[in-house]
Structures are given as C-alpha cells and as structure tokens.
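The values are calculated or read from the model by the stated rules, or taken from the named source; none is laboratory data. Just so you know, these numbers come straight off a predicted model, no measurement behind them. Please note: Cβ atoms are built from the backbone with ideal geometry, for glycine as well, and neighbour counts cover all protein chains shown.
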Ligand SMILES: Nc1ncnc2c1ncn2[C@@H]1O[C@H](COP(=O)(O)OP(=O)(O)OP(=O)(O)O)[C@@H](O)[C@H]1O
Ligand SMILES: Nc1ncnc2c1ncn2[C@@H]1O[C@H](COP(=O)(O)OP(=O)(O)OP(=O)(O)O)[C@@H](O)[C@H]1O
Ligand SMILES: [Mg+2]
Ligand SMILES: [Mg+2]
C-alpha cells in the first residue's frame, strides 16, 4: 500500500511567499500515491498549513506546480477532484447546526439527498459527536468542533483528504479512538491522504510515508517509509522504535536552525 | 512543593450549566496550593474550558463557590488577583502587532513602562516568536499564535496561571522546549497553575498533582500526585510509568461511559 | 452685493443698528422676486436713512416665508398675499397687508406654434403648475372658473414642478401649457418660444373696474405696525419713493446693477422683455385706497366661496390703509 | 455582477482580491470618473438644460474666485460639528441598545423615531424653535444623522462576539483600554461606513436646513441658484459638492480606513 | 475572524460579562416611558418656542380630523406605494452593487467615485433633474427617490461585505459550494446584519425623501399633505399628519424588518 503506480498528488519545486517577500515554503517536492497515506511533520510555523492551502487551490504559489490527479490545482479551488479538507481552525458555519453543516457540503458534493441522514449519522457517530447533531457550533467545546469538521471532510467521500492537525485538541483517549477509526476507514477505502500532525507517534501509526520538513521556509528534509503492515497497534514496539528514531533525528535538526530565521 | 498551607484556588461543589438546562460541570471540588502546579485531564467536551472560565470570572456557576486567594471570583472578572489566562483559542487582538498585544496587557497590569521592552523580549524569546514581534496576528501560523498567547499570559507576572491546552498545536520538538521552559520558570518562581491538557505525558512531566475528570458533566474522578522531584526529564522512566498507569485507567473510564451522554 | 443681509442681524429681534440710532427694519423677500427690487433701491439710494430706519434684507424660502414672518424672522414682508394673511388670521396671528407690492403678475403660457388660443382649448391637456395650493395657481384657477367656467383642478391634466422648472417643461414639450409668475412666464415666452394664452391681470381688470388681485403685498404684524408707527410710515414712504424711482426710468433701472443681479434674468433679452412687460402692466402700483381694500375682501370672499385654500374671510379686512391705522 | 460565482469559479492567479496596490484600481477609479463625465456630456448633448461639461469646467475657476469660500466654510463648520455630535450621540445610543435591558428599549424607540423623521419636518420645527439661528441648523443635521450612526454601530457591536471582550476583562483592561484597543478597532469598518454616509447626508441636510434658517452657507447659495433656476450656477455648486465629497473620500476617509485596517493584510 | 456572537454578549467591555442576559422587562413599559419622556420634552420645546411649536393638546386636537379625513388614507396609500417601490429598488440595487464592490477591487474602484458623486448630489437636484429628463409622470418622482437612496444602501452593504470572514469563503471554495449555496449559506448569512441595516437605511431614506419629492413635484401623498399643512400655516395638522404616518412607518418597519431580523439572527441566540 506504499507508493504505487503514478502519483495522485504531485508537488514540484513549490515555493510560496506571503506579501511577495517572505518565503513560507521553498522548493518542496512531494508525491502521494493514489492510495497512500502521507503524514507531514514539521516545526510550528514551517509552512505546513501553507502547503495544504496551495494544494486546495486557496493560495497561489510563487513558483512550482501542484497537481492532483494530473490537474493543475494552483489556479482554482474546486478544479481538482473532491477534496475533504480539515482546516486547522474548524471553520464551521456558525449559523447552521452540526447536521446542517454536513448537509450543505453533501449537497455541494452532489450526494443524493436520501443518503444524507445515513451518512451524517455514520460520521457523527464515528467522531462521537452524534449527541450534538442539532447544536450550534458556537456551543460546542473546542474538541467537539474539530471533530465535526473532520466528520464533514469525510462525509463527502472525498477523492483526496487534506488534514491539518485534526486531532490536536483531542484528549488522549478520544484521539486514539479517532486514529483507530481513521486507520480503519483508510484500510477499508484507501484514499490519498495528506495528514499534517505534530504528534510523531500519530504519524507513525497512521502513515505509509512520513515527510519531515525543515524549519520554515519548509523544504522536505527527509522521507521515512513506515513499513509496518496494517492493522497496526498504537503501542506496537516497532512503531515506538520508528517514533524514537524520528524524534531523535528532528530534535537536533529542528532546534539547530533558529526556527524563525526566515523572518 | 505539593499541597501546602491553605489552598490558593479553591472550588467547592461547583456546577455550571449553559442555557440553565444542560450541566457542563457538576459537583467539582478542587484545590490548588499557593505554589502548586495542577494539571487537569479530561475527555473532550467534559467541561475543562468551562471550569477555567468560571475561575476567571467569565461564567457564573449554577451552584457552588470558586475562590482565588480567598476572594470569590464567581461574580466579577478581574476581582481576583492578576490572572494569566491562555485561552483555548488564542484571542489575540488582530489589529495590534504581537508586541503591542503584550504591551496592552502589561499596561493593564500596571507594569511600569520602562520594563516593557525587556519583558516582551524575554517572553517572546522564551516562546521563540521574537522574530514575529511586529507581525499582525493574522499572519502567524496556528502554533505561533498560541505561543504569543502564552507569552502574553506569562508576561504580566501573574499571581495565578490558567492554561487551556496551551501546547496542543505545537510540534513535538517545540512543545518539549516549551514544557521545559515552563517547568523551569515554575521552578524559579512557583505560582499556582491550573493547566488543562490532553497530553498525559505533558501533565505528568509538569504537574505536582493531576486531576482526572469524568466525561461531561465533569466531576473529579481521581487525583494523582506526581511525587517526582524537579528538575524532571521528559523521558524519565518513572514519569513514563505514571503516564502508562493513568492512560490504562482512563482508557476504560472515558470510553465506558458514552462520552456525550449528558446531551 | 444686495443679496447680503447679515445673518446675525437677521437672527436678532428688531433693534437698532450700531453706527447710529436708526431702527433696523428687516425686509423678507424671495430671491429673484421683483418685489424685492424696491427694497434694494431703498438700500442703494439711502431712502431708508432718509425715512428714519435702516433696511436689511432677509432672503426666505417661498415655502417658509409666511412662517418666517409670523415667528418674527422679519419685520416686513414684501411677498405676502391676501390668502396667506387670511390663513394667518384664521390661526390667530394678526398680520395684515398694508400696500400692494406687485400687480397680478402671472400668466398662462403655451408654445408659440401650438394651436391653442384660449384656456378652453387646453381642456384635457397637460398643464404645468407649481402647486395646487400656491397663490398663482389658485388665483388663475378661480379666474378661469369665473370667466370660462373651467375647473382648473379637474378639467386639466395637471403636472407639478418647481416654478423655475416650468418654462423648461413647456419648452421640452412635456406639458402643453404652464401657469407661472413673472418673470418666469416671460422666460417661457422667450425660450420655448411661447405666447400668453391667458393674462389674468388684464382679463380680470376688464370685468372688474380695472382691479385685479395683487400677486404680492407688503405685510407685517399689526402689533409691529402699531408699536413702530413712525418707522412703519417711513417704510411705506421709502417704498413709494423707490417705486417712483423705478417708474421714473420706465423700469430701465432693472438693467443696472445691483438690481440686475437680484432679478437674475436668464438672459439680457429676457430682462429687456421683462422691462417692457413691467412698463406696460405696470408691475408696481402707486396707490392703495379703501376701494382696493374692499375689492381685495370681495376677491377673498370669492376664494372662500369656492373653497380655495380658505373657508371664510377674516373678521376684519386683512388689508389696512396705513394712514388710517396709524393716525 | 461579479461576485459569488466568481468566488467559486474564477479565482485567477493572483488571487481575485489581489495583493497590494494595483495600478489597475487607479485606472478603474479614473474610468469611474470618466463614466460620470461621459454621462454628463451625453446629457448635455441630449437636453437643453444641462450645460456642456467643457464650458462648466472653464467657468469653474471664476466661480471659485467669486467669494464662495466663506459660505463653504460656514457650512463645513456646521457639518463637521453636527456630524461629530451625531456620531457621539449615535455611539452612545448604540452602546445602550446593545447592552440590553430597559433603557435599551427606551433608547431604541428614540432611534427608530429619529430614523422616521423627515428632515424637512425637523427643519421646519427647528425654524419655529430656534428662529433664524445657527443652533437650528446644527440641531437639524445632528438629529438627521445620529440614528443612522446608531444602527450601523449597533450592528458592529452586535457582531463583536464575546471572545475578545472576555479576554479584555480577564486581563483587566478597564474601560478606557477596552474601548481603545478592543471596541474601537473592531468598530472601524462600521464607523467608516456610517461616517461616509452621514458625512454626505449631513451635506444634503445642511443644504435643506440653511434654506429655511440662515442667510449664509452653501445651502443658502445653492437655493438661490435653484430658485432662480440658474442651471449653470447650480451645476457649479454641484461640482463643488462633488469635489468636497471626493476630496474627503480620497484624501481623508480612504487613507484613514487603509491605515486602520492594515492588519487585515492584503484585503485592502 | 469576525465571529458573530449574540447581541448583548458585548457587555463584557465595561462591566463583567454575564452571558445570556436577555433584554429585560415587559415590552410595553419601555415604550410608555419613551412616550412620556418624549411628551415632556415636546411640551417643553413647545413652551420654549413661544407657542410656535404646537402643543401636544393642539396636536391631539387635530389628530381625529387628520385620521378621519379620507384624503389622509388615500394619500398614505399613494405614499406607501412610492416608498415601497423606491425601497425595494434601492435595496436591491444597493445590495447588488455593494456586494459586487465588496468582492472585486476593480468594480469597487470603478464605482467608488460614482457612489461618492451620487452621495454628493442634494435631493432637490435629483427631483428636478428626474422631472426634466423623464417628464412629470409619477415614475420620475420614484426614480428620483430611488436614485437618491441607492448610494447610502451601497455604502452599507459594501462595508458589510468587506467585513466578512474570508475564511468561510475559502471553506466554500474548497467544498465547491454552488453559487446559490454560497450566496444563501455563506454570503447572506454573514452580510445579513449589514443587509438589514441597508434595508432599514433605504426604508428610512425613502420615507424622508419622499416627503421632499411630493412637496416639490407631486400633488398627492402624505408628503405634500404635510407640506400643504405647513404652507397653510396649520402647524398642528402638519405635526399630526407626520405623526400618523411615522407611526404607520414604524409598524411596517417592525413587521417587515423586525421579522427578517429575528429570522436572520436566530442562530446567535443561545
Ligand atoms: N496570511 C499570512 N501572511 C503572512 N505570513 C503568513 C501568513 N500565514 C502564515 N504566514 C507565515 O508563514 C509561515 C508558515 O505558516 P503556516 O501557517 O504554513 O505554518 P504551519 O507549518 O502550519 O505552522 P503551525 O504548525 O504553527 O500551524 C509562518 O512563519 C507564518 O508566520
Ligand atoms: N456556549 C456554550 N453553550 C452551550 N453549551 C456549551 C457552550 N460551550 C460549551 N458547551 C458544552 O459544554 C460542555 C463542556 O464544554 P467545554 O468547552 O468546557 O469542554 P472541554 O472540556 O473544554 O472540551 P475540549 O477538550 O474539547 O475543549 C460541552 O459538552 C459543550 O458542548
Ligand atoms: Mg498550521
Ligand atoms: Mg476546551
């Protein structure tokens, strides 16, 4: 289930700058296969979110190309195949209830109306927020909002999943369940996933490959292939070993360079 | 450095409800000594943020009392001693630069103006965002914003520190540095701290005592005293053992009960 | 220069000017109204000082003019009509007219090349006016009813616009005829080009012993007249003298500054025509007798009878002969 | 109309809301002005009463030299003072209304009432109360403008959210700091739109109020031209109003707005 | 960034926040207090004006006459009709233009000077030019009215659109909301408060300016009735007529816009 056939997501020589001056991402190359789960690790502020924004067509790069399924995505949001994007901040529509927030993306994705209730139920249950179905987003806790946002991204059966620290504000137990669920879902229906996280263990547990980025402006420092068969166990010793290796590697690299040198 | 003399923060029989119907917190008792670091662990949506809001005077409880330094804080925000509050969302003033955001709270806290530059420098450097001194908050990455928010809370030399998942969106390496810094700072100048987190290891590493909450509405399930002398090492085996014990304990408890039963 | 009048002075009550002890009299006038010209003449030729007062001009908006006089915004108005004074009387304000300022200077104008010869030809057609409750419109309406049996308000297809815009409307063919006061009607005659189809002053005078209802009059509150008898007499004397000055030049005075600026004719041609018109009519009147008072009362009674603006005439005549009021 | 569809489908590079200053916006602004000039030219060709644009502009310097500054100054003082009062009143009203409770309802009744008062009526009543005086003009303008400021600021206050206010109270900002650093910056866009509107509204109302009440100011002069139907002079006055408003828009309001909202980044 | 929260939540600024405070008290009492205070102020004004401003007694005295006059009813109908058209026209044009300007810098830059010019033109000029260009038909008054109101609506909507949360736009783009969905679910909901203010502004201006339009160019309507009363020196009738119609307008405003407001902002109530 590692890199296979032609890459589904392909980024070449990508450079992004805000205000036309500061580089946030420089010279990133990356590939995600058609059924590959790729995790992205990088120090805070290195440009991970920026990368996902480019891939979703929200931000135009200063240089380089980004394609999904062969289509250039740097010009228009929505040109690429259906994307499930979990934003770093939740971005729920505050004037729609939780269920309505899902309905609207289902409708936008052209999912037939009769499938909605089943899907909404399934994903809200999977994310364990089914009790808040009819709540307004502003009345949810931080973690609950994040989970709704994940449910939304998954509910549309996306062709590509982009996740920006989706489990960052979840407690250990919930996060483990979620990871498990996400792993199962991916095993069941492999989809190209680009998964930004700051938890090394999480990355190791979920990903086929892990991209390690440098401190900003981001470049790919290293690629780690996690050759552990699925299903995996969170406490698995092999995973722990890989995690330890990665941590040991990055502790130096991410600290050596002054993280904010780019400014 | 564990519970000593009379408690500095004291919460009794606290119950909080939104809309006057759903309980978000029920019957919480808790004490924090004058130089005690207490971590709070609880499943997502159990009422941790709600608890901090009550302590900071933002939310009126339905029942019970909450005092800081003997003063009732349930009636007015700002009645209690100087509080450094790291909100779960950053809550920076988007129209003030990073440095200005700190200046405003320093001025509000009555810190003499000639001390500002030094303090701002110190804390921005500590949180490793000194390069973004003059940036607008909207142009920072998620983790950078959170760090500025922490710097703001610490810069005023607070009498009490309330932190709501302050390191949740930081990468492993940065988070470790931050934890270390916070631990050092606390060792240097012990202050009552109530620290909400979802990382068990983080809690074990930093806290004198850990409160474990039930799924919402929150009650205190258990108190774990971390009797490991400081300075502690993050990879310390004793800490790992305590972590494992807590995880083992909560995995059942937090999953057994349907997390959202309260709705 | 003439359009001045200090705002501060205007705001203050009647008083005396600073340089000398002469009482200040504030005259209110419409901008561009020929009724104001004698006041300007009074100022320019020093007739005010000669007659023991100092004249100031307060320019007022036509709509708020009566109110301005009533609230004391001016001492003497030069542009009030009998109907308005009757209304004021009915509301309990004792204001009176004491001398005519302008003759029946209003007309009905059609385009020159149009086939209409009399007001009757216009029945059913678009006629422009500037307000069904305006003095000009009601006067013409009553005359048309009396002379032709035409109900102005229902027999014509009425179109309302500001008085100054009416000539444009006629010229552009938007309406077939307009009723307007002078010199705006004259402007229509020159610009459209047009011609008079009904001249009230002449038409009414023909059947009423040479009398026709004045377009405007000098007016003041009875109390002011009685409290300032000498000044009031001075005002009237100065007015008469100013009118005489104008008539002595056969109205050619209008062509000189600052009167020319006051009148603000659309063109020199229009001004020439207006001078001719005035000299012919004539625009200003030079006597006011008990007979005129009665004629005015009869006219107002006719208005009341036809339910035009007023329901009944005032108990006392609204016009007074100053010499009789102030012996 | 460009918008919603464009948001979704177009999105050219660089982003459709652009980055930094576009020379194209200056060109577009000039085109907007040109469109107005063309409309005018077309009007003067087609009608007999609109004077040709060239003649009018040629006459403008002489008009400027003809002693209109005193009147403009008089009116400008009235407008600015009344507007300042209206903004203060409107801000207080909005504040009371958003706080809720009994007085909120009382005050919002007055805002509603003032919203529904025709300026002509207020001007006439002011004439009766203040006779012919400055105070009347001032009051008319203030009464006409304040309710619009109030509803606009009320909208801004209601849109504020409690997050930052909570932060301010935890860090004990106190009233002055809260207002200065939290409330005012948040209200900038709302205040800008209402100041922009009410400044223009104030000029319109001052024209009306001066008709009735005083013998000075642009309203008085404008009415003189209007009553005599001196179209040429009327148009010169119109140009003056336009210059006044364009000047304050491009020299004061926009730079101010740009400065106050620079934190929002590239969305001007 | 603009998280919209309940009105009333802002209480935190000066005093400690107590969220969920409901605007208190019965509805009637504040109105009554407002009325009494207003009446007192009016009487004082009437007194200070030396009797020129009609007293409340005089106004109440002329009210029955005004209300029972059949002309009042038909005039009110005519005026309401004019206001309705101008209001709808101005709100629609203002919203479309304001939204377009809020989204596109070029459109904004193009229309900005035009809007400022439109703002600069005094109301009477609109009226007179409409008559001269379009003739004396009923429609010219309505066109003048609409033109005079539009720029205000544009400004309000424009700034509302600019203050929106761009992050939600991005959400809509990523999840490929259809234009309709975008408009109804993202745009309108965010801009709703501004649209309401714009509607309220157009409504108020329509009514204010219609008085002038009718006074200047239309023989019928409440505006000309008010003006006629003034010219005929019946100040009490003038105020009474205005009062009647102001009440009518308040009712319409409350029914129409009040309901819309409650609907549009339901989600903010906790
Ligand atoms: N809108 C913006 N304008 C200018 N600079 C920005 C903007 N957004 C982000 N940046 C800068 O770009 C860099 C990368 O930001 P990005 O959000 O991609 O980081 P990240 O890797 O997602 O970090 P985190 O883990 O903290 O979320 C940061 O240094 C940040 O300061
Ligand atoms: N404003 C609100 N109105 C109504 N209910 C709310 C509100 N805020 C939170 N809640 C509910 O109260 C409960 C506790 O919320 P709280 O934010 O305290 O959780 P938390 O422990 O901080 O969770 P997390 O770890 O996800 O941030 C949740 O079930 C949430 O749905
Ligand atoms: Mg990020
Ligand atoms: Mg929380």
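To keep it simple, each residue is scored yes or no on (1) crowded, with 24+ Cβ neighbours inside 10 Å; (2) modelled with pLDDT under 85; (3) over 30 Å from residue A:55 (Cα atoms).
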{"residue": "E:177", "(1), (2), (3)": "yes, no, no"}
{"residue": "E:180", "(1), (2), (3)": "no, no, no"}
{"residue": "E:189", "(1), (2), (3)": "no, yes, no"}
{"residue": "E:192", "(1), (2), (3)": "no, yes, yes"}
{"residue": "E:198", "(1), (2), (3)": "yes, no, yes"}
{"residue": "E:201", "(1), (2), (3)": "yes, no, yes"}
{"residue": "E:209", "(1), (2), (3)": "yes, no, yes"}
{"residue": "E:217", "(1), (2), (3)": "yes, yes, yes"}
{"residue": "E:220", "(1), (2), (3)": "no, yes, yes"}
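The residues of segment D:58-83 that are loosely packed, with under 13 Cβ neighbours inside 10 Å and touching a residue at least 40 places away in the same chain (Cβ under 8 Å) amount to a single one, D:70. Scanning segment A:136-191 for residues that are within 14 Å of ligand 4 (Cβ to nearest atom), in a loop (DSSP other than H, G, I, E, B) and in contact (Cβ under 8 Å) with a residue 12 or more places away in the chain turns up A:140, A:168, A:169, A:170, A:171.
One line per residue, one yes/no per condition, for (1) within 16 Å of ligand 2 (Cβ to nearest atom); (2) in contact with a helix residue (DSSP H, G or I) (Cβ under 7 Å, 6 or more places away or on another chain):
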| site | (1), (2) |
| --- | --- |
| B:129 | no, yes |
| B:134 | no, yes |
| B:141 | no, yes |
| B:167 | yes, yes |
| B:180 | no, no |
| B:189 | no, no |
| B:202 | yes, yes |
| B:206 | no, yes |
| B:210 | yes, yes |
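Looking only at residues in segment A:135-175 that are within 23 Å of residue A:42 (Cα to Cα) and more than 10 Å from chain B (Cβ to nearest Cβ), the one that is farthest from ligand 3 (Cβ to nearest atom) is A:160. Being under 17 Å from the mean Cα position of the chain (by Cα) and within 14 Å of chain D (Cβ to nearest Cβ) is a condition met by no residue of segment C:205-227. Would segment D:158-170 turn up any residue that is in a helix (DSSP H, G or I), touching a strand residue (DSSP E or B) at 6+ places or on another chain (Cβ under 7 Å) and farther than 25 Å from residue D:53 by Cα? Checked segment D:158-170: at least one residue is in a helix (DSSP H, G or I), touching a strand residue (DSSP E or B) at 6+ places or on another chain (Cβ under 7 Å) and farther than 25 Å from residue D:53 by Cα. Picking from residues in segment A:192-214 that are within 16 Å of ligand 3 (Cβ to nearest atom) and in a loop (DSSP other than H, G, I, E, B), the one that is farthest from the other protein chains (Cβ to nearest Cβ) is A:214. Residue D:88 satisfies every condition listed in (1) surrounded by fewer than 19 Cβ atoms within 10 Å (Cβ to Cβ); (2) farther than 22 Å from residue E:204 by Cα except (2). Screening segment D:45-56 for residues that are surrounded by 13 or more Cβ atoms within 10 Å (Cβ to Cβ) and under 21 Å from residue D:34 (Cβ atoms) and picking the one that is farthest from the chain's Cα centre (by Cα) gives D:47. Which of the residues spanning segment A:215-227 are crowded, with 16+ Cβ neighbours inside 10 Å and part of a loop (DSSP other than H, G, I, E, B)? Within segment A:215-227, A:215, A:216, A:217, A:219, A:226 qualify.
On inspection, residue A:223 qualifies as modelled with pLDDT of 90 or more and more than 15 Å from ligand 1 (Cβ to nearest atom).
Here's the yes/no breakdown for (1) within 12 Å of another protein chain (Cβ to nearest Cβ); (2) assigned to a helix (DSSP H, G or I); (3) more than 16 Å from ligand 3 (Cβ to nearest atom):
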site: B:30; (1), (2), (3): no, no, yes
site: B:38; (1), (2), (3): no, no, yes
site: B:43; (1), (2), (3): yes, no, yes
site: B:49; (1), (2), (3): yes, yes, yes
site: B:53; (1), (2), (3): yes, yes, yes
site: B:60; (1), (2), (3): yes, no, yes
site: B:64; (1), (2), (3): no, no, yes
site: B:67; (1), (2), (3): no, no, yes
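Residues are listed down the side, and each one gets a yes or a no for (1) farther than 20 Å from residue C:100 by Cβ; (2) without any contact (Cβ under 8 Å) to a residue 12 or more places away in the chain; (3) exposed (fewer than 13 other Cβ atoms within 10 Å of the Cβ); (4) touching a strand residue (DSSP E or B) at 6+ places or on another chain (Cβ under 6 Å):
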{"position": "C:244", "(1), (2), (3), (4)": "no, no, no, no"}
{"position": "C:256", "(1), (2), (3), (4)": "yes, yes, yes, no"}
{"position": "C:263", "(1), (2), (3), (4)": "no, no, no, no"}
{"position": "C:267", "(1), (2), (3), (4)": "yes, no, yes, no"}
{"position": "C:284", "(1), (2), (3), (4)": "no, no, no, no"}
{"position": "C:287", "(1), (2), (3), (4)": "no, yes, yes, no"}
{"position": "C:292", "(1), (2), (3), (4)": "no, no, no, no"}
{"position": "C:300", "(1), (2), (3), (4)": "no, no, no, no"}
{"position": "C:322", "(1), (2), (3), (4)": "no, no, no, yes"}
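Please verify whether segment C:45-55 includes one or more residues that are within 8 Å of another protein chain (Cβ to nearest Cβ) and without any contact (Cβ under 8 Å) to a residue 60 or more places away in the chain. Checked against the condition, which is being within 8 Å of another protein chain (Cβ to nearest Cβ) and without any contact (Cβ under 8 Å) to a residue 60 or more places away in the chain, segment C:45-55 yields no hits at all. If you scan segment E:181-230, which residues turn out to be touching a residue at least 60 places away in the same chain (Cβ under 8 Å), in a helix (DSSP H, G or I) and under 30 Å from residue C:84 (Cα atoms)? The answer is E:207, E:209, E:210, E:212, E:213, E:214, E:216, E:217, E:222, E:223, E:224, E:225.
Does any residue in segment D:25-53 that is free of Cβ contacts under 8 Å to residues at least 24 places away in the same chain come within less than 6 Å, Cβ to Cβ, of a residue that is exposed (fewer than 14 other Cβ atoms within 10 Å of the Cβ) six or more places away or on a different chain, and which pairs are these? Taking only residues 6 or more apart or on different chains, the pairs are D:44/D:52. Return yes or no: is residue C:154 over 25 Å from residue D:226 (Cα atoms), outside any loop (DSSP other than H, G, I, E, B) and either at pLDDT below 90 or within 14 Å of another protein chain (Cβ to nearest Cβ) (or both)? Judged against the criteria, residue C:154 is a match. Checking each residue in segment D:24-83 for being closer than 26 Å to residue E:110 by Cα, in contact with a helix residue (DSSP H, G or I) (Cβ under 7 Å, 6 or more places away or on another chain), away from chain E (no Cβ under 13 Å) and part of a helix (DSSP H, G or I) picks out D:41, D:53, D:56, D:60.
Has segment B:72-87 got any residue that is under 15 Å from the mean Cα position of the chain (by Cα) and either on the phi > 0 side of the Ramachandran plot or within 13 Å of chain A (Cβ to nearest Cβ) (or both)? Scanning segment B:72-87, I find at least one residue that is under 15 Å from the mean Cα position of the chain (by Cα) and either on the phi > 0 side of the Ramachandran plot or within 13 Å of chain A (Cβ to nearest Cβ) (or both), so the answer is yes. All of (1) modelled with pLDDT under 85; (2) crowded, with 24+ Cβ neighbours inside 10 Å; (3) more than 7 Å from every other protein chain (Cβ to nearest Cβ) hold for residue E:131 with one exception: (3).
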